[in-house]
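Undergrad: I am attaching a structure below and will ask some questions about it afterwards.
The values are calculated or read from the model by the stated rules, or taken from the named source; none is laboratory data. Since we're looking at a predicted model, the values are computed, not measured. All Cβ positions, glycine included, derive from the backbone under ideal geometry; neighbour counts span all protein chains shown. These area figures cover heavy atoms from the full protein model, side chains too; ligands, DNA and RNA do not enter into them. Shrake-Rupley method; radii C 1.70, N 1.55, O 1.52, S 1.80 Å.
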Amino acid sequence: MIEEVLVTARSNPKIDPSLGIWSWEVPMYLFLGGLTAGIMCFAALIILLRKEDQAPWAAKKMAIWAPVLLTVGMGALFLDLEHKLYVYRFYTTFQISSPMSWGSWILLLVYPVSILLVLCSIRDAYPRIGGVIERFSAGRWITAFACYHRQQVATWSLVLGVFLGFYTGILLSAFSARPFWNTGFLAPLFLISGLSSAAALVVLGTRSQAERMMFTKYDIGLISLELALIALLLVNLATGTGVQLDALKNVMGGEFTTRFWLYFVFIGLLIPVVLNYREISGRRTWAFLSPVLVLYGGYMLRLVTVEAGQVSTWTRYTQSFDPVLLDLLR
Amino acid sequence: MARYAMVIDTKTCIGCGDCVVACKTENKVPAGLNRDWVVEATRGTYPDLTTEFRSERCNHCSHATCVYTCPTGASHYWRDSNIVLVDAAKCTGCKACIAACPYDARLIMHPDGYIDKCTFCHHRVEQGLDPACVSSCPTRCMHFGVLDDPGSHVSRLLKSRTYKVLLSETGNQPNVYYLI
């Protein structure tokens, strides 16, 4: 038996008694980053595979959501910073060993490419916005440039989309100090989840029944792949070291069990896959419900992963100091 | 690279907490925040119990994951040594370094928002003084010095006594040693 008790005060906010440095903002950023990655990948693939006729919304209208959602995600990330005025410091250096530094610079590449992807189809997809942009000579030039280089823009969107999707997972998996995150499965899991969320967005956005069916089928495959990756992630933890086994307990009987299995796996993955299957089998379902649950599941995956990962640790002290009691004495 | 180390004798530490108070006073650490702390570890089954006291802090690791994770270079090694510092003027408060530290030794400096931690009192070290916690220890169980010098007090202590470091399996190569 070993018991390690803190005999002097240690009640650093957000660190004690267990780590809670990241709240909803970082999961939201990871979710919207993943969704942006999925949007860029699907929009690019439809263009490169010349399937615009079969998937008009995904090819033309969806791309506008990429820079919009990424901006909202970056806004959430900004809200999370404790020393906000120094945010510009991300762009005064490049730290090759820091995944967060890589991410900052990748996002700087993603933004212009995602905007070029929007401009490729702006005339057809959003003629009013396109008209406003083309009132300016710079707007006309950049729109013509994007249209002329459509294939190259789509190729770069695909490459950067995959990078962005992987990055959202690597950001967490690079933390060796947090056993729940320290697995290579997070990167592909977050990329597949981002693609699944983007497919759900198409199902919500399109008015074409053929396109809806096509992406509903894609989503069944992607959710199945996601379930397989989750199983592998859990097996990876279950066959790991002592600290990984402790981390696994958080979702296997511990504090995050209900959130992980009920709110994420059951409501966010299993119910949508069943609803999608009913949809393609021609049985009546609420068409909007499944994609909404997929999007909800995408956010829950990040939320549960961030929360369960933070509390997974190498150190275990029994907290003997209660700051509430001290306040009562004052 | 100068390698500074702190060596703490668990046989003579009585867990009085003077090191914690000295740190707070020397570094003007705000109320409610702590750069160091004392742990009482009890092993065994009653009546066969052993107790050790450990004064803990940032381990100023030679392979500091917090330094490698920092996206802005705010977490850095001081003057090509292993002393890990945070430059408040570069810190965005992203908290990646907090997540990267297996010892949970970092804190958020309130109300400013930058990340803070033990500095091994580098402002005293550059004047040839020991860190405040070492200087104030009433049982003289804490020692500080350069490990590169085989004749230094800390090097000789580590040669003559059995010691351990915390969580060596993380690969961070910590530089706070505990004589056992």
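Undergrad: If you go through the stretch B:77-112, how many residues are free of Cβ contacts under 8 Å to residues at least 40 places away in the same chain, of a type in the set (G, A, S) and closer than 22 Å to A:A177 by Cα?
TA: Residues in the stretch B:77-112 being free of Cβ contacts under 8 Å to residues at least 40 places away in the same chain, of a type in the set (G, A, S) and closer than 22 Å to A:A177 by Cα: 4 in total.
So that you can scan it fast, the table gives a plain yes or no per residue for (1) within 14 Å of chain A (Cβ to nearest Cβ); (2) out of contact with any strand residue (DSSP E or B) (no Cβ under 9 Å at 6 or more places or on another chain); (3) surrounded by fewer than 18 Cβ atoms within 10 Å (Cβ to Cβ); (4) modelled with pLDDT under 95:
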site: B:V86; (1), (2), (3), (4): yes, no, no, no
site: B:A89; (1), (2), (3), (4): yes, yes, yes, no
site: B:C97; (1), (2), (3), (4): yes, no, no, no
site: B:H110; (1), (2), (3), (4): yes, yes, yes, yes
site: B:F120; (1), (2), (3), (4): no, no, no, no
site: B:C133; (1), (2), (3), (4): yes, no, no, no
site: B:P138; (1), (2), (3), (4): no, yes, yes, no
site: B:V154; (1), (2), (3), (4): no, no, no, no
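Undergrad: Next question, about the same structure. Cβ-Cβ under 9 Å, sequence separation 6+ or interchain: first residue in the stretch A:1-25 and of a type in the set (D, E) and modelled with pLDDT under 90, partner outside any strand (DSSP E or B) and open to solvent by 70 Å² or more (accessible area, probe 1.4 Å). Which pairs?
TA: Note: pairs meeting the criteria are A:E4/A:R316.
Undergrad: Then there is this: Find the helices (runs of 4 or more DSSP H) located wholly in the stretch B:65-180 whose residues include 3 or more that are in contact with a helix residue (DSSP H, G or I) (Cβ under 8 Å, 6 or more places away or on another chain), and list them.
TA: It comes to B:65-69, B:96-100, B:132-136.
Undergrad: Also, quick follow-up: Would you confirm whether or not the stretch A:81-98 contains a residue that is in a helix (DSSP H, G or I), closer than 27 Å to A:Y299 by Cα and in contact (Cβ under 8 Å) with a residue 40 or more places away in the chain?
TA: no
Undergrad: Next question, about the same structure. Report, by residue number, each residue of the stretch B:44-65 that is within 23 Å of A:I2 (Cβ to Cβ) and more than 14 Å from the chain's Cα centre (by Cα).
TA: B:G44, B:T45, B:Y46, B:P47, B:D48, B:L49, B:T50, B:T51, B:E52, B:F53
Undergrad: For the stretch A:111-144, how many residues meet the condition of being closer than 16 Å to A:K61 by Cβ and open to solvent by 50 Å² or more (accessible area, probe 1.4 Å)?
TA: The total comes to 7.
Undergrad: Okay, next question. For a quick check of your reading of the model, give me the residue pairs whose first member lies in the stretch A:49-69 and is open to solvent by 50 Å² or more (accessible area, probe 1.4 Å), whose second is modelled with pLDDT under 95, with beta-carbon atoms closer than 6 Å and at least 6 apart or on different chains.
TA: A:K60/A:S121; A:K60/A:D124; A:K60/A:A125; A:K61/A:A125
Undergrad: Does the stretch A:212-220 include one or more residues that are part of a loop (DSSP other than H, G, I, E, B), open to solvent by 30 Å² or more (accessible area, probe 1.4 Å) and in contact (Cβ under 8 Å) with a residue 60 or more places away in the chain?
TA: no
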